[in-house]
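> This is the structure I want to talk about, given as structure tokens.
Read-outs throughout are calculated quantities, based only on the coordinates presented, and are distinct from any laboratory measurement. The structure displayed is predicted, hence computed values, not measured ones. In this analysis, Cβ positions are derived from the backbone assuming ideal geometry, glycine residues included, and neighbour counts consider all displayed protein chains.
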Amino acid sequence: MKIHKTSPVILMVDDDPDDYYLTKAALEESGAQTELDLVADGQELLDYLFCRGKFVDAERPSHPSLILLDLNMPVKNGKEALTELKADPDLRQIPVIIYTNSTAAEDIMSSYQLGASSYIPKPASFQSLVEAMGTLSKYWLDIAVLPFMESGQPPPEQPAVS
């Protein structure tokens, strides 16, 4: 059974639980009004999105509002998962932010070529992480209108352009 949540859900795909806990703490400290779910690799991401395996009867929203995707993971890496996700007509519109330690030009270019919405190297300090998560949540969850927002709130009003 899928439930309706009142705050947007960010799905983090990362095999390092410490990164998850730091990101969760940074989102909370930045004042972001979001829930952060975690899956450990690209295969779990696809199982989560397609409601397979251990996610068949999970109580969660049908789709996350946003995905934070690490590139370097076991089982199915971020690029493989991104390729499959963007190939699916029902899922390709979910914004995927690559959130990884890599700053290699080839990883950045290939991520955008595969359909990533943005690429954010993981910050080195907790304060930088708080700032990055605050900016990310402000833009993606407060300003941008996303296809799978389940907050039940109308899109934010934009100022008129004259």
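> In 5 Å bins starting at 0, how do the alpha-carbon pair distances of region 9-139 split up by percent?
Percent of Cα pairs in each bin: 2, 11, 22, 25, 21, 14, 5, 1.
> Expressed as a rounded percentage, what relative contact order does region 9-139 have, with Cα pairs under 8 Å and six or more residues apart? Present the calculation step by step, with values, prior to reporting the outcome.
Working: 199 pairs, mean separation 36.8, N = 131.
Relative CO of region 9-139 lands at 28 percent.
> Now a separate question. Check each of the trypsin sites (Lys or Arg not before Pro) in region 82-154 and keep only those in coil by DSSP with at most 14 other C-beta atoms within 10 angstrom; list them in order. Before the final figure, lay out each step's value.
On the way: sites: K86, R92, K138; in loops: R92.
Listed in order of number, the matching sites are R92.
> If I take R0 = 30 Å and measure r between the Cβ atoms of N101 and T135 in this structure, what FRET efficiency does the formula 1/(1 + (r/R0)^6) give, to the nearest 0.05? It would help to have the intermediate numbers written out before the result.
Working: r = 19 Å, r/R0 = 0.63.
The calculated FRET efficiency here is 0.95.
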